[in-house]
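Here's the structure, in C-alpha cells; my notes come after.
The values are calculated or read from the model by the stated rules, or taken from the named source; none is laboratory data. Bear in mind that the values here come from a model prediction, so they are computed numbers and not experimental data. Virtual Cβ from ideal backbone geometry, glycine too; neighbours counted across all protein chains shown.
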Amino acid sequence: MKIGIDIRTLMDENWSGVSGYTYNLVRKILEVDRSREYRLFYNSGRDVSSRIPEFNADNARVVRIRYPNKIFNYFMQKTLSRPKIDRLLGVERFIAPHINFLSLSSRCRKIITVHDLSFLRYPEFFSLRKNIWHRALNVKKILKEFDMIAAVSENTKRDIIELCGIDEARIKVIRPGISRRYQPLDRTEKREEFEAVRKKYGLPPNFILYVGNLEPRKNVPGLIRAYGIFRDANSGLRDMKLVIAGAKGWKSEDIFREWRESKYRQDIKFIGYIDEEDKVYIYNLAALFVYPSFYEGFGFPPLEAAACGVPVIAGSNSSLPEVVGQEALLVDSGNIAEIAGAISVVLNSSNPASFLATNRDKRQHRFSWENTAKGYLELLD
C-alpha cells in the first residue's frame, strides 16, 4: 500500500505549532511503519528544498510539484479540482495534517487533521485577509469530503460537530505528542549552552515568559496589563521582567500599543521568533510561564514549559483545561486582576514547584508521538 502525506506546512521559514506537529507526526509514522510506502508531497514554484527536513527512511520519498502556490491552490485545486493529488502520487491513502486546498479522488481513503476552528468560532480575532482566505478554503465542505477526521482534542471534536455538522462517528481524537527534549536541564552541566541562549536573546536574570504568535487570540495585551498590576502590588519583585517570545502575527497593533502605554515597558522585552533548538533553554530559564489565551485547539507551549519544570498559568477555556489542567494554575483569561493575582501567588510562594504536576511519566504517556502515529495508522485500514 502507498500512502501520501501533505507536508506543505514544512515549507514555512518559521515553523508554527502545526509545522512542528506535521514534522513529528511524519517522522514517527515512518519510524513505526516500515511495511508501507510513503510519498511526502509539497508544492512550490520556487526552490524551498532547504527548508524541507530530511526523512531518512527507505520507504519514503519527498515529491515536489512545481506550480506557483496561488495558481496551484486557488485555480487548480479549488476551481478545477485538478490534478488529483493521490493519482499524481500513485497512492491509495492520504493524510492531510492540516486544512489546505487539496483535491483528491473518491477512490482514495482520506484522513485530515483539525487543530482548531478558532476562525469559525472567533472570526473577530482574525484579519480581513485571513477571514477571506478561510472563506475561500470552505472548511465545512472540505471536512465533509474526508473519510475520517483526526481532532487534536475533545474540545476540537466538539467544535467540528457543532460548527461543521460532521457526524461524530467520522471523528477520532488523536492527541499530539510532546518531544522528550522538553525536560528540566542542569544549568551547571549545560552552563555554556544556557549562557549562549541568554546572550543571543538578551534575556534578563529573572523573568516571566510567554511563547506564542502575537495575535489577538493569544491575549498578550491582557498579559501586559496583568504584569503591570502584579508589579504595582509587588515592589519586592521589581527585578522580575516580562519576556514575550513569538513571531508578529495579524492585528498585533494593540499588543504594542499596550506595551507603549505601560509604565513598566522598560521591563517588558519582545524577543521575536525562537529557534526550535533554543526553546528548551528559554523555558528552563523562566521563573514562570503565563499563557492567557482566549482559545486553543490544543496548546503546545504550556505543556512544553511544564515539561521543563516551570510553573504554568493558563486560561481556563477551550481545550486548555483538558490538555494542561493538571499541569497549570487555570485562570479566567478575561479577568486581568485574576491573572495578576495568580502571578503574585506563584512568585511569592516559598515553593513555586508545588504548582507543577509531578507525574512526568503520566504526561509522557498521554502525549506520546508514538501513540499519535499509531492512531493515524489505525485510520488508514
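Summary of values
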quantity	calculated
Enumeration of residues in region 38-68 that are buried (at least 16 other Cβ atoms within 10 Å of the Cβ) and either in contact (Cβ under 8 Å) with a residue 60 or more places away in the chain or not hydrophobic (A, V, I, L, M, F, W, C) (or both)	Tyr38, Arg39, Tyr42, Asn43, Ser44
Members of region 1-19 found to be within 13 Å of the chain's Cα centre (by Cα), touching a residue at least 24 places away in the same chain (Cβ under 8 Å) and part of a helix (DSSP H, G or I), listed by number	Thr9, Gly17, Val18
Test: residue in region 260-278 that is touching a Pro at 6+ places or on another chain (Cβ under 9 Å) and surrounded by fewer than 22 Cβ atoms within 10 Å (Cβ to Cβ)	yes
Test: residue in region 163-174 that is touching a residue at least 12 places away in the same chain (Cβ under 8 Å), surrounded by fewer than 16 Cβ atoms within 10 Å (Cβ to Cβ) and of a type in the set (Gly, Ala, Ser)	yes
Residue within region 199-211 that is touching a Phe, Trp or Tyr at 6+ places or on another chain (Cβ under 6 Å), surrounded by 17 or more Cβ atoms within 10 Å (Cβ to Cβ) and either in a helix (DSSP H, G or I) or at negative phi (or both) present	yes
Selection within region 307-334 - assigned to a helix (DSSP H, G or I), farther than 22 Å from Leu214 by Cβ and hydrophobic (A, V, I, L, M, F, W, C)	Ala307
Some residue of region 337-352 being surrounded by 15 or more Cβ atoms within 10 Å (Cβ to Cβ), out of contact with any strand residue (DSSP E or B) (no Cβ under 9 Å at 6 or more places or on another chain) and either of a type in the set (Val, Ile, Thr) or under 22 Å from Glu154 (Cβ atoms) (or both)	no
Checking Arg121 against (1) under 29 Å from Lys78 (Cα atoms); (2) exposed (fewer than 15 other Cβ atoms within 10 Å of the Cβ); (3) basic (Lys, Arg), the condition it does not meet	(2)
Among the candidates His115, His134, residue that is without any contact (Cβ under 8 Å) to a residue 24 or more places away in the chain, in the same structural domain as Thr22 (by TED's automatic domain parsing) and touching a Phe, Trp or Tyr at 6+ places or on another chain (Cβ under 7 Å)	His134
Residue under evaluation Lys110, criteria (1) touching an Asp or Glu at 6+ places or on another chain (Cβ under 6 Å); (2) of a type in the set (D, E, K, R); (3) assigned to a helix (DSSP H, G or I), criterion not met	(3)
Residues satisfying the stated conditions in region 250-283, i.e. under 22 Å from the mean Cα position of the chain (by Cα), part of a helix (DSSP H, G or I) and farther than 20 Å from Phe125 by Cβ	Glu276, Glu277, Asp278, Lys279, Val280, Tyr281, Ile282, Tyr283
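Residues checked against (1) more than 27 Å from Arg180 (Cβ to Cβ); (2) among the basic types (Lys, Arg); (3) out of contact with any strand residue (DSSP E or B) (no Cβ under 8 Å at 6 or more places or on another chain); (4) not assigned by TED's automatic domain parsing to the domain that holds Phe300:
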residue: Leu209; (1), (2), (3), (4): no, no, no, no
residue: Ala247; (1), (2), (3), (4): no, no, no, no
residue: Trp259; (1), (2), (3), (4): yes, no, no, no
residue: Lys263; (1), (2), (3), (4): yes, yes, yes, no
